[in-house]
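Report on the structure given below.
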Amino acid sequence: MSNAARKLAAHELRTSCRPEEFPFETTADLPPWDEVIGQDRAVRAIQFGLGMPNQGYNLYISGVPGTGKNTIIKAMIEKISKTRPVPPDWCYVHHFRDADRPKAIQLPAGKGRVFAREMDQLVEFLLDEIPKVFESKEYGEQKSRIVEEYDKAKEALFHELERRAVELGFQLNVTKTGILKVPIIKGKPIQPEIFETLTKDQQRELEEREKRVNSEIRDFLAKIRVLEKQGHEKVDELNRRAVQFAIGHRMEDLKGRYRDNAAVAEYLQDAEEDVLDHLRDFLGEQQPEIAIPGLEVDSKRVWTRYKVNVLVDNTGTKGAPVVEEVNPTYNNLVGRIERKARLGALYTDFTMIKAGSILQANGGYLLVNALDVLRNPFSWDALKRSVRKGEVKVEDLGEMYGFVTTGGMKPDPIPAKVKVVMQGSPWLYYLLYAYDEDYRKLFKVKADFGVDIKAENGQRMQYAHFIAKLCGKEGLLPFDRSAAAAVVEQAARQAENQKKLSLRFSELADLIRESCYWARETGGKVVTRAHVERALEEKVYRSNLLEERIQELIEEGTILVDITGAVVGQVNGLSVYDLGDFSFGKPSRITARIFSGKAGVVNIEREAKLSGRIHNKGVLIRSGCLGGKYAQEEALALSATLCFEQSYGEVEGDSASAAELFAILSVLAEVPLRQDLAVTGSINQRGEIQAVGGINEKIEGFYAVCKAKGFTGEQGVLIPESNVRHLMLKPEVVRAVEAGQFHLFAVRTADEGMALLTGLTVGERQADGSYPQGTINARIARRLREM
């Protein structure tokens, strides 16, 4: 294997999109475009999941934010929902035999509102018509005849009672407190004091006759009660017959319209019976003479039992409903039973039952965010239960979980068939799949959204269509070919790959909007490459305050970074600072010291608890690389310390493991390392340099330091060969490389890196296990034997 690092040419540092590739002058010339870019796998999965009618084939949309998954899934659902049938309406009505269990009624789409209106009109009709029945002359005459008939019968019974009383020697007097009995002797009533003058036999006889009179009175009263009952029944029968005759045509007409709906027909029959049983309610109520605030009769509540609560109204719905629940609390998903306060107490009825988003999406599609559902107590269980059982049961949360012990309404469950589309991150999908058995049965379709796509088969032209679509949708200025090419190049930079384009369209959309802003600020009618570059620069300027402060500290010498000369055991490593919305690279001085002992390689960051797990792993791998190469015949007997100088935060990642190895080898060989070259790359136990992330930011960070301190024409960065494809450097850096001011070198192994950093031959192991004299490896082997 060659020990020579490869110097990269300028054309390898960035891929360019030539404006000539686009067959248009501006994006305004492009036709409308509705195709999904670069998400074929996800689109096929979504099409399958939406079309699969079997239970359990709900969808989990997996992907990082900004890939357009929300926009794509909405567009696909909207399109397919229009081909689906409109689901029915659902209503709750009063249960006349059990008021605590409202009945659910299904009606064709749009008929729920009609039925509710017809019932309201029916109540208005009854309130107007029933009083007329009882005020009519015919009704009064019939009722008078009934009353007169029973009055005569009662009078005849009383005359017969009087006759029997006289025969028994008693006179009867009817008072408000009852019937009084007065004994008669010789045709005259006697007074109580006269009773005491009678003989014992006369008194006993009189008492016997009084008992017989009392018996006659009891029989009379029993017969009167029977007569009164019969009279009331006849009056009630008259009332029902009269009212039924008056409203029958209206009720029969309403029943006829819903003859084919058994539930509605049964409800109307029960409602008619309830009206006839509560005729007094339709005659008005007398308010108390002294009105007490809050105790007035609420006439509206009397007629509540005849109202219709339209829970789901699909009037005007085209196809299947599509509902996105942005706040999936338990009540928002399942529904709620509302309450109102009256005199310090809460009351409710079936009209206060409200539908949740599951019922609103019944027969269609429900979109939720996985993390939002899991964050809200009881929501995840409620969603699974509704999907698994295929029904929604609106319950009071306090009653369901035993927080409230008082009884409440228990509405009929409503059958529900809804396709749930849940969006979330990939790690959340795997957690749910691993720890929730129900999840595996209910969400059988995963749609994975990628973050990048290969730049081939006309993909760049698709990005131009995306620009045109966004500009047309939001009224932005059109982009010329050079601006479109600049956006495509930025997509490649976001993907960190010359052969790929980023699918994070939210970030690209922001770039398009901001470019349009700067074009309008300068009075332009078309967005050009200059405007796109201005937008990129301004975005960096808004976020790079920390980068500038660190750069100032390096320039003034507070943070020590050498970019000239050569030093033993010291190398410029490259780090990336990730601030969330902005990331940048800066060099960090890495030093190594070696002394006698058997402690091995000591990571000072780890000992200070400032080292992350991946960085710790890199230290151990580096120790394995040293041992595998230099301790084949005898054990390593050394103590070495590694340190990120002037680093006061946590160090994470293994991208500095190659630089740390070079620092140790430099000390062992006692050869200086070039300070005008910065190093990035991870290393494996075989001494191979591996790719790292943030390669562009790291190179640009060291470039900025060299530019600020002055170019020597020798400065540059050593990177892994496998990272060359990831280079999408800023044009300024590419121009500096073309001019010979800055250089990039690609290496495959640690030996190539050491040769470049020291200017010496590394040396290959010979047949006898030794290394050629004067080489770096020979020096290291000698030093280790000495130690």
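The values are calculated or read from the model by the stated rules, or taken from the named source; none is laboratory data. What you are looking at is a predicted structure, and each value in this text was computed from that prediction instead of being measured. Note that each Cβ is placed from the backbone with ideal geometry, even for glycine, and that neighbours are counted across all protein chains shown. Just the protein is used for accessible areas: all its heavy atoms, side chains included, with ligands, DNA and RNA removed. Shrake-Rupley method; radii C 1.70, N 1.55, O 1.52, S 1.80 Å.
Tabulated results
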{"item": "Residue in the stretch 555-565 that is charged (D, E, K, R), assigned to a helix (DSSP H, G or I) and in contact with a helix residue (DSSP H, G or I) (Cβ under 9 Å, 6 or more places away or on another chain) present", "result": "yes"}
{"item": "Flag if Gly178 is surrounded by 12 or more Cβ atoms within 10 Å (Cβ to Cβ) and not basic (Lys, Arg)", "result": "no"}
{"item": "Search result, residues across the stretch 416-437 that are assigned to a helix (DSSP H, G or I) and open to solvent by 50 Å² or more (accessible area, probe 1.4 Å)", "result": "Trp427, Tyr430, Leu431, Tyr433, Ala434, Tyr435, Glu437"}
{"item": "Among the residues listed as Val561, Val532, Val571, the single one being within 22 Å of Asn696 (Cα to Cα) and touching a Leu at 6+ places or on another chain (Cβ under 6 Å)", "result": "Val571"}
{"item": "Conditions (1) part of a helix (DSSP H, G or I); (2) at pLDDT 90 or above; (3) out of contact with any helix residue (DSSP H, G or I) (no Cβ under 9 Å at 6 or more places or on another chain); (4) open to solvent by 20 Å² or more (accessible area, probe 1.4 Å): number failed by Gln47", "result": "(3)"}
{"item": "Answer from Lys234, Lys307 - the residue that is modelled with pLDDT of 80 or more, open to solvent by 20 Å² or more (accessible area, probe 1.4 Å) and farther than 26 Å from Ile353 by Cα", "result": "Lys234"}
{"item": "The stretch 55-65: number of residues that are open to solvent by 40 Å² or more (accessible area, probe 1.4 Å) and at pLDDT 90 or above", "result": "1"}
{"item": "From the options Val368, Val392, Val387, residue that is closer than 23 Å to Ile77 by Cα, within 23 Å of the chain's Cα centre (by Cα), modelled with pLDDT of 95 or more and not acidic (Asp, Glu)", "result": "Val368"}
{"item": "Residues of the stretch 319-339 classified as at pLDDT 90 or above, open to solvent by 60 Å² or more (accessible area, probe 1.4 Å) and in a loop (DSSP other than H, G, I, E, B), total", "result": "2"}
{"item": "Pairs, first surrounded by 14 or more Cβ atoms within 10 Å (Cβ to Cβ) in the stretch 607-621, second part of a loop (DSSP other than H, G, I, E, B) and hydroxyl-bearing (Ser, Thr, Tyr), C-beta under 8 Å, six or more apart", "result": "Leu610/Ser647; Leu610/Tyr648"}
{"item": "Pair list, Cβ under 8 Å, 6 or more apart: the stretch 137-155 residue in a helix (DSSP H, G or I), other residue surrounded by 16 or more Cβ atoms within 10 Å (Cβ to Cβ) and of a type in the set (D, E, K, R)", "result": "Ile146/Lys234; Tyr150/Lys234"}
{"item": "Residue ID - most open to solvent (accessible area, probe 1.4 Å), chosen from residues in the stretch 361-394 that are outside any helix (DSSP H, G or I) and within 16 Å of Ile61 (Cα to Cα)", "result": "Asn369"}
{"item": "Test: residue in the stretch 340-350 that is part of a loop (DSSP other than H, G, I, E, B), at negative phi and without any contact (Cβ under 8 Å) to a residue 40 or more places away in the chain", "result": "no"}
{"item": "Residues within the stretch 497-520 that are touching a Lys or Arg at 6+ places or on another chain (Cβ under 9 Å), charged (D, E, K, R) and over 21 Å from Thr71 (Cα atoms), tallied", "result": "2"}
{"item": "Subset tally (residues that are modelled with pLDDT under 70 and charged (D, E, K, R)) for the stretch 193-213", "result": "2"}
{"item": "Failed condition for Ala263, given (1) at pLDDT below 90; (2) closer than 23 Å to Arg97 by Cα; (3) open to solvent by 20 Å² or more (accessible area, probe 1.4 Å); (4) hydrophobic (A, V, I, L, M, F, W, C)", "result": "(1)"}
{"item": "Enumeration of residues in the stretch 595-606 that are more than 46 Å from the chain's Cα centre (by Cα) and surrounded by fewer than 20 Cβ atoms within 10 Å (Cβ to Cβ)", "result": "Phe595, Ser596, Gly597, Lys598, Ala599, Gly600, Val602"}
{"item": "Among the residues listed as Gly569, Gly523, the single one being on the phi > 0 side of the Ramachandran plot and open to solvent by 20 Å² or more (accessible area, probe 1.4 Å)", "result": "Gly523"}
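Rundown of residues vs (1) at positive phi; (2) at pLDDT below 90; (3) more than 26 Å from the chain's Cα centre (by Cα); (4) open to solvent by 60 Å² or more (accessible area, probe 1.4 Å), yes/no style:
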{"site": "Ala5", "(1), (2), (3), (4)": "no, yes, yes, no"}
{"site": "Pro32", "(1), (2), (3), (4)": "no, yes, yes, yes"}
{"site": "Thr67", "(1), (2), (3), (4)": "no, yes, no, no"}
{"site": "Thr71", "(1), (2), (3), (4)": "no, yes, no, yes"}
